[in-house]
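These notes are about the structure you will find just below.
The values are calculated or read from the model by the stated rules, or taken from the named source; none is laboratory data. Bear in mind the structure is a predicted one, so any value in this text is a computation, not a measurement. Note: ideal-geometry Cβ built from the backbone for every residue, glycine included; neighbour counts use all protein chains shown.
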Amino acid sequence: MKKEYQQHDSKEADIVSDIKIEHNRVPKLLVAVFYVVAIWAIGYAIFMPGKLAVEPAAAPQDNKGELIFEGTCLSCHATGAAPDLSGVTDRMPEEDIKNVIKKGRNTMPAIGHLYTEKEIELVYEYLKDYR
Amino acid sequence: MFTDEKWSSSKNWFIAAVFWIIIGMSMGLLTATKQIWPELLNNRWFTYGHVRSAHVMLVIYAWLSMAYVGSMFYMIPKLAKTKVYSEKMGNFALVFYNIVILEGFFALLLGQTEVIEYGEFPLWVDVQLLVAIGLVAYNLFKTVGRRQEKMLYVSLWYFLGSLLWLPLTWIVGNFPAQWIPSGVQQGLMGWFLGHNAIGLWMTTVGVGQIYYLLPKLTGRPLYSHQLSMIGFWAIATFYVWNGPHHLMNGPIPGWISKAGVIPSIVLLIPVWAVLANFWGTMKGSWSQTRTSVPLRFTVAGTIFYLFACLQGPLQALPSVSSVIKFTHWTVGHAHMGPFGAFSFTSFAAIYYILPKIVGREMFSKRAMEAHFWFSTVGFLVFAFSLWIAGVVQGFAWIEGVPFLQTVLMMEPYVQGRAIGGTMMYVAQFFLAWNMYKTIKLAKLEKKQQAQQQAASA
């Protein structure tokens, strides 16, 4: 009683493993979706770069002090693990602050070897405005 | 040593699966809780990284895969109108598979990992797992080889395909990466496994389950043979290409990127074809979801499948990816397929198959209802917390809000996720308890029957 599957139009159902299988047509909306997706795919393959176009940052590096401060210092100094640094330049002389950065103090590790003199200077400049 | 009893493989794989969903989700809940209290259980075994990867690997390869194998050990012989080729081998494979999973679990807690998403087990575990999967596949292929039914029903295409695809992706993802030096290539190989474990194992076996369950549960004929064909061949053709979209906007060549984006969107074709077929089959049967919990689990699974597959293709687009990548959103999305869609269909499979094996109804209908509602509501709370969190987080990063501040912003959402997750976790105890009771009572009833027969004889 089994029919060949090519006869999609036949409304008669097949029975496979006691499960009835009908031969309803694919809904028209779905066929439309298939076409839209296929056309989109070809278009995308030809015309799109496949990545997000990113413009290079306008003025690079003019906030390096801030970047180092946020990326490194704040990991402890914003979490309560280490003291708050707002206004620290009023409380400590410049030399001492730079020395703490270079050599560490108490639980704070020495990070001087990670940065140049210039970069430490930039961090200090940023700290002056950090309140 | 191993029993040859009819359907014992299926039953035992299910029991092991449910054991592992409890362990696997405990790890998940611990991960979520650690995001609230980072100090919790902070010892050398249960660090965040160890626990998170253990959760992922256990729920996929222990819970979901074992539940899949359990349902295949019932559905495949039923569809082939024959017995399982060897129940003994099925039970042996189960014991072996569980030993391997245990090894992998402890390896992860000890800190051994391959750092491949969905392939974290170290190499010495990968090899053994491949052998275990091979044993299962051999047994099931032999079963189909002895079939009494000439035609292969749709579910069988999916099951047999998946049993070949899983070892394939497992090999490609785990083994060559050991000898490839550079990071980007390793990343691509890793994501071949990462995405195909979802697409050519979790999805395809799950869809096969639904194709079996829907006509059986509703008593209605399958809607369209042609849609089944489109769905199967389209997923088999396009899914393997999905890996690169995980490295979107990363250091991969533009053409690979496109080769990842396009098939991701083209996946709308098989997904919608399959769903149209499911819902066409459901026509006139929707009201049955009120009373039949297995049917409700199946249908809810199809709905979550739709939403997972609306999110997925969109996420593959470079512009969308640039916002939500690395955020909590991804975690919400990653749970919708494996939990919302295919754990649900596996629950349905257990509730449909177990009574047929043990010969009595599930012990408690109310526990089934509780299982459904806790799972669904819990998942929605969990997922929406993460989706909102992800969007907020993504845009905050683009705005340049300091990172630590964005971490603090996530607090309420992370708590919401943990609450939803707790509900999902609690739900599974209803399943485990209900299964235990059912099996125990069935045994008792059988014994009593035997005694009565002996007395009357």
Number of positions in the range A:115-128 that are free of Cβ contacts under 8 Å to residues at least 40 places away in the same chain and more than 15 Å from A:Pro93 (Cα to Cα): 3
Test: residue in the range B:420-441 that is more than 30 Å from B:Val358 (Cβ to Cβ) and surrounded by 21 or more Cβ atoms within 10 Å (Cβ to Cβ): yes
When residues of the range B:72-114 are limited to those that are part of a loop (DSSP other than H, G, I, E, B) and within 14 Å of another protein chain (Cβ to nearest Cβ), the one farthest from A:Ser17 (Cα to Cα): B:Thr82
Residue among A:Ile68, A:Ile21 that is within 30 Å of B:Met248 (Cβ to Cβ) and touching an Asp or Glu at 6+ places or on another chain (Cβ under 9 Å): A:Ile68
From the options B:Pro270, B:Pro294, residue that is surrounded by 22 or more Cβ atoms within 10 Å (Cβ to Cβ) and within 30 Å of B:Lys356 (Cα to Cα): B:Pro294
Pair list, Cβ under 9 Å, 6 or more apart: the range B:422-445 residue closer than 13 Å to B:Glu369 by Cα, other residue part of a helix (DSSP H, G or I) and acidic (Asp, Glu): B:Phe430/B:Glu369
Selection from the range B:180-211 of residues that are among the β-branched types (Val, Ile, Thr) and assigned to a helix (DSSP H, G or I): B:Val184, B:Ile198, B:Thr203, B:Thr204, B:Val205, B:Val207, B:Ile210
Selection status of B:Trp157, surrounded by 14 or more Cβ atoms within 10 Å (Cβ to Cβ), within 23 Å of the chain's Cα centre (by Cα) and within 14 Å of chain A (Cβ to nearest Cβ): yes
Verdict on B:Thr204 being modelled with pLDDT of 95 or more, more than 22 Å from B:Glu117 (Cβ to Cβ) and among the polar types (S, T, N, Q): no
Residue match in the range B:248-267 (condition: under 15 Å from B:Thr204 (Cα atoms) and either more than 9 Å from chain A (Cβ to nearest Cβ) or in contact (Cβ under 8 Å) with a residue 40 or more places away in the chain (or both)): yes
Scan of the range B:212-231 for residues that are facing chain A (nearest Cβ under 9 Å) and assigned to a helix (DSSP H, G or I), ordered by number: B:Tyr212, B:Pro215, B:Lys216, B:His225, B:Gln226, B:Leu227, B:Ser228, B:Met229, B:Ile230
Among the residues listed as B:Val115, B:Val100, the single one being β-branched (Val, Ile, Thr), surrounded by fewer than 24 Cβ atoms within 10 Å (Cβ to Cβ) and more than 16 Å from B:Val136 (Cβ to Cβ): B:Val115
Top-ranked residue in the range B:203-239 [being touching a residue at least 60 places away in the same chain (Cβ under 8 Å) and closer than 30 Å to B:Phe326 by Cα; ranked as surrounded by the fewest Cβ atoms within 10 Å (Cβ to Cβ)]: B:Ala236
Every residue from the range B:286-316 that is in contact (Cβ under 8 Å) with a residue 60 or more places away in the chain and within 14 Å of chain A (Cβ to nearest Cβ): B:Gln315, B:Ala316
Residue that is farthest from the chain's Cα centre (by Cα) [pool: residues in the range B:31-78 that are among the basic types (Lys, Arg) and under 22 Å from B:Ser343 (Cα atoms)]: B:Lys78
The range A:27-39, residues that are at the interface with chain B (Cβ under 7 Å from one of its Cβ atoms) and either surrounded by fewer than 10 Cβ atoms within 10 Å (Cβ to Cβ) or more than 11 Å from B:Ile269 (Cβ to Cβ) (or both): A:Pro27
Residue in the range B:28-40 that is assigned to a helix (DSSP H, G or I), within 28 Å of B:Gly416 (Cβ to Cβ) and of a type in the set (Phe, Trp, Tyr) present: no
Residue that is among the polar types (S, T, N, Q) and either in contact with a Cys (Cβ under 8 Å, 6 or more places away or on another chain) or within 14 Å of chain A (Cβ to nearest Cβ) (or both), where the choices are B:Gln128, B:Gln186, B:Gln209: B:Gln209
Condition met for B:Lys150 (surrounded by fewer than 15 Cβ atoms within 10 Å (Cβ to Cβ), over 20 Å from B:Phe232 (Cβ atoms) and not aromatic (Phe, Trp, Tyr)): no
The range B:103-123 residues that are of a type in the set (S, T, N, Q), paired with ones that are part of a loop (DSSP other than H, G, I, E, B) (beta carbon under 6 Å, 6 or more apart): B:Gln112/B:Pro122; B:Thr113/B:Glu120
Where A:Ala53 falls short, out of the listed (1) of a type outside the set (Asp, Glu); (2) surrounded by 11 or more Cβ atoms within 10 Å (Cβ to Cβ); (3) at pLDDT below 85; (4) assigned to a loop (DSSP other than H, G, I, E, B): (2)
Residue check, B:Glu399 surrounded by fewer than 13 Cβ atoms within 10 Å (Cβ to Cβ) and among the charged types (D, E, K, R): yes
Residues of the range A:56-96 classified as among the acidic types (Asp, Glu), outside any helix (DSSP H, G or I) and modelled with pLDDT of 85 or more, total: 1
